[in-house]
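The values are calculated or read from the model by the stated rules, or taken from the named source; none is laboratory data. For clarity, every value in this text was computed on a predicted model and none was experimentally measured. Positions of Cβ are generated from backbone atoms using ideal geometry, with glycine treated the same way; all protein chains shown enter the neighbour counts. To get the accessible areas, we keep the full protein, side chains included, count just its heavy atoms, and leave off ligands, DNA and RNA. Shrake-Rupley method; radii C 1.70, N 1.55, O 1.52, S 1.80 Å.
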Amino acid sequence: MNKKLLALLKQNARLTNAELSAMLGVSEQEVAAGIKQLEDEGIIIGYSAIVNEEKADDNAVTAIIELKVTPFKDRGFDDLAHTIMQYEEVDSVFLLSGANDLSITITGTSLRKVALFVSERLAVLDGVLSTTTHFVLRRYKEKNHVFNEEHSDERSLVSP
Amino acid sequence: MINYDEIIPQKIRDIQPSGIRKFFDIAQQVEGVISLSVGEPDFKTPWAARKEAITVLEKGRTAYTANAGLAQLRTEISKYLNNFIHVDYDPTSEMIVTVGGSEALDLAMRAMVQPGDEVLVPEPSFVCYSPIITVCGGTPVPIVMTVEDRFILRADALKAAITPKTKALILPFPNNPTGSVMRRGDLEKVAEVLRGTNIMVISDEIYSEMTYGGEKHVSIASLDGMRERTIVVNGFSKTYAMTGWRLGYCAGPQPVIKQMLKLHQYCIMSSPTVSQYAAITALTSCREDVDHMIEEYDMRRRLVVKGFNDMGLTCFEPEGAFYVFPCIKSTGMTSAEFCEKLIYSKKVAVVPGSAFGASGEGYVRVSYAYSVQHITTALSRIREFLEEMGH
Ligand SMILES: Cc1ncc(COP(=O)(O)O)c(C=O)c1O
C-alpha cells in the first residue's frame, strides 16, 4: 500500500486521509500509519507547494547553476555540497554524473541578486573551479504539474 | 421551393436529439465550466500504438484494407476474445472490424431488425440503441432497471417483456451510465430465459475491461448455448483510450456476421487503415498501459462514490465502466433541474440521468475519466451547491 500512497502524495500532498483511504480501499488509520511510516523512514522528508514563481512575484528569478569542483581528498564532494546547502537562497543541490559536478537551483528576487550570489558566494568557495549560470525563462512543467495551461483537455465538455 | 418536409421521412424527423446533446448546448454557454460529463478516457492512447500509427504513415500504408479488416488484426482480436471471454471466433468468417462499437451496433440492428420487430432495451443505458431500432422500423421496448436490483437486467423483467415480436435484446454491460455489471450468476438467469427462443442478443461490451473488485467481465456469449444467439460488440475506444481513432469490432455467428459484412462493405468499405495497424499494437503490446489505466479508474471510482455518499447523495456502488450514478431525489429536483442549477451556480457539468431513458430520472451521471485534482475540485463545488440549496 505504501507505494501507492507515496505515488498519490507525490502527485497531490493535500489529499485528506479520508480521500486517500477511499482511493486505496483501506482505513483512515492505515493511511495515517502509512504516512507516519514513510515520514519516520525518511522517505517523505517534507511537503511543499509547487509555486508559479513568476505569478507570485514579478521579479522572481530562478537559476540553475552548474559547478565544476575539485573533490577534497577523503571527503569527496560532500563537504562542498554541505557548505552550499547552508545558504538559504539555495533550493536544491544535486551531485551529477558527467561534465559538471554539482547542480544548484536558486530562486532570488532579482537577476542582480542571483548573479551577485553566484560571483560572491559560490565562485569564491574553495574547490569551485568554474560556474555556469542558466536563468530559467519559462516554466512548463514541474513535479508533474503543468504551468499556465488554460485548457489542456481537448475533449468536448459533454459526450455520450 | 423544395419542400424538405416531404423529403425527410417523419420517422427521421421524429428522432429526438440525445438529451446529452441538449445538455452540452447549455454547458457550452457557461464560461469556465469544469466538467464531469465526458464518456471518454482522459488518458492518451498508449504511446506504442501512437508510434505504430506514425510508422505506418511513414511507410505510406494508406490504402483500404480488406472489408472485414486487416487479417492480422482479426487474428489478434480472435486471440484476445479467446483469452478474455473464452469464446472462439473464426477471424475469417465471424468477425468484422468496424468504425467504433457504434458502427457494429448499427450493423447488427440493420441486419436483423425490420418493421414490426420489437427490440428490448434495458434502461438506463447508452443513447444510440433506440434511435437505430426506430430507423430500422422496429420498436424499442425499454426494460426498467432499478437501483434495488443494482441496475442489472432481471430475468423476470426480461421474461415479462418478451412477446412473439421480440427480435433481439440489447445487453449493455458494463453499463453506461450506471456503472453496473452483470456477474456470471446474473447472466445465467438471463441466458436461461433466452435459450430455446429465437431472440438474438446484441451484447455491448465496450467497457468490458473496466470492471472493478477482482472479478473479470463475463460475456453472455461464453455461457452454454448462447454463442449462437449473441453478437458481441466491443472496441478500442475505451479500453485503449482510442476514441478518436474510430475503431471497434463485432464477433458472432457466421450467418449474421455475413449479412452485417455486406452492409459494412457498402457503407464503409473498410475501417480506417492507420487505426487498424495501431490497434494491432494496442492488442499485442499495451497490456501494461491498460492495467495502469484501470487501476487509476478504480481509485477515482472509490473517491467519487465516497464523495457523493458523504454529501448525502446516495450512490450505488458501480462495478464497471467509468461512471457513477448518484441519486439526487433527496434534493427534490428533477435531474435536468439539478444539472442546470449546478452548472449555472457552480459551473460543474454532470449529465441528467433522464438522458439515458425515463428510468434514469432522479439520477445524474458523473464520469470519473478525469484527474484526481479535477475530481476533488468538482466534488467540493457540488458539496457547496448542496449546502447552498439547504440540502
Ligand atoms: C455503452 C457504449 N457503447 C458504445 C459506445 C460507442 O463507442 P465507440 O463507437 O467509440 O466504440 C459508447 C461510447 O460512448 C458507449 O458508451
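Some notes on this structure:
- Across segment B:324-332, coupling constants 3J(HN,Hα) worked out from phi with the 6.51/-1.76/1.60 Karplus curve, θ = phi - 60°, read 10, 9, x, 8, 10, 4, 5, 7, x Hz, and Gly and Pro carry x.
- Taking a straight line from the alpha carbon of B:Lys59, these lysines sit under 18 Å away, with near neighbours fewer than eight places off in the same chain left out: B:Lys51.
- Calculated FRET efficiency for the pair B:Thr75/B:Ala48, C-beta based, R₀ 22 Å, to 0.05: 0.75
- A:Leu8 accessible area, 1.4 Å probe, all protein chains in place, Å² to nearest 10: 20 Å²
- Spatially proximal lysines relative to B:Lys11 (Cα-Cα < 25 Å; intrachain offsets below 8 disregarded): B:Lys22, B:Lys165, B:Lys167, B:Lys262
- The label point for A:Ser48 and the one for B:Arg61, both projected 7 Å from the Cα toward the Cβ, are 4.9 nm apart.
- Of all aspartates and glutamates in the structure, those lying under 12 Å Cα to Cα from B:Lys159, and not within fewer than 8 positions of it along the same chain, are B:Glu192.
- Among B:Arg154, B:Arg229, B:Arg61: highest mean-square fluctuation, GNM of chain B, C-alpha pairs under 10 Å: B:Arg61
- FRET efficiency estimate (nearest 0.05) - Cβ-Cβ, A:Glu154 to A:Glu88, R0 35 angstrom: 0.25
- Considering helices alone, the calculated mean residue ellipticity of chain B at 222 nm is -13000 deg cm²/dmol, with DSSP H runs of length four and up weighted by -39500 (n - 2.57) and normalised per residue.
- Label point of B:Asp224 set 7 angstrom out along Cα-Cβ; within segment B:82-99, amide nitrogens under 19 Å from it belong to B:86-88.
- Long-range HN-HN contacts of B:Val364 with modeled amide H, under 5 Å: B:Ile328, B:Gly353
- Here the 3J(HN,Hα) profile of segment B:259-264, calculated from phi with Karplus coefficients 6.51, -1.76 and 1.60 at θ = phi - 60°, is 6, 4, 5, 4, 4, 4 Hz, Gly and Pro shown as x.
- Chymotrypsin sites (Phe, Trp or Tyr not before Pro) within segment B:1-88, DSSP loop, no more than 13 other Cβ atoms inside 10 Å: B:Tyr64
- With respect to chain B, whose longest principal axis is taken over its alpha-carbon atoms, helix B:71-84 is tilted by about 60°.
- Crossing angle, helix A:2-11 versus chain A [Cα axis fit, 0-90 degrees, rounded to tens]: 70 degrees
- The listed residues B:Lys347, B:Lys44 rank as B:Lys44, B:Lys347 when sorted by accessible area, largest first, using a 1.4 Å probe.
- Translational D in µm²/s for segment B:331-380 (Stokes-Einstein at 20 °C, 1.002 mPa s, Kirkwood Rh from C-alpha pairs): 188 µm²/s
- The chymotrypsin sites (Phe, Trp or Tyr not before Pro) of segment A:83-160 that DSSP puts in a loop, and whose beta carbon has at most 15 other beta carbons within 10 Å, are A:Tyr87, A:Tyr140, A:Phe147.
- Under 5 Å from the amide H of B:Ile143 lie the amide H atoms of B:Val121, B:Glu123, each residue being 5 or more positions distant or on a separate chain, with H modelled from the backbone and absent for Pro and chain starts.
- Low-density loop cleavage sites - GluC sites (Glu not before Pro) in segment A:83-120, where at most 12 other Cβ are within 10 Å (DSSP): A:Glu88
- Spin-label pair B:His86/A:Asn17, simplified geometry with 7 Å Cα→Cβ offset, distance in nm: 4.3 nm
- Shape category assigned to segment B:31-125 from the gyration tensor of Cα positions, a/c cut at 1.5: oblate
- Per-residue 3J(HN,Hα) values for segment B:128-137, derived from phi via the Karplus relation 6.51 cos²θ - 1.76 cosθ + 1.60 with θ = phi - 60°, read 8, 4, 4, x, 5, 4, 4, 4, 6, x Hz in sequence order (x marks Gly and Pro).
- Using alpha-carbon coordinates, inclination of helix B:287-311 to the longest axis of chain B, degrees: 30 degrees
- Of B:Lys44/B:Lys79; B:Lys216/B:Lys329; A:Lys55/A:Lys113; A:Lys55/A:Lys143; A:Lys10/A:Lys141; B:Lys79/B:Lys238, those spanning more than 22 Å from alpha-carbon to alpha-carbon: B:Lys44/B:Lys79; B:Lys216/B:Lys329
- Chain B - share of DSSP beta bridges that are antiparallel (%, nearest 5): 40 percent
- Probing with 1.4 Å while keeping every protein chain in the model, the per residue accessible area of chain B equals 41 Å².
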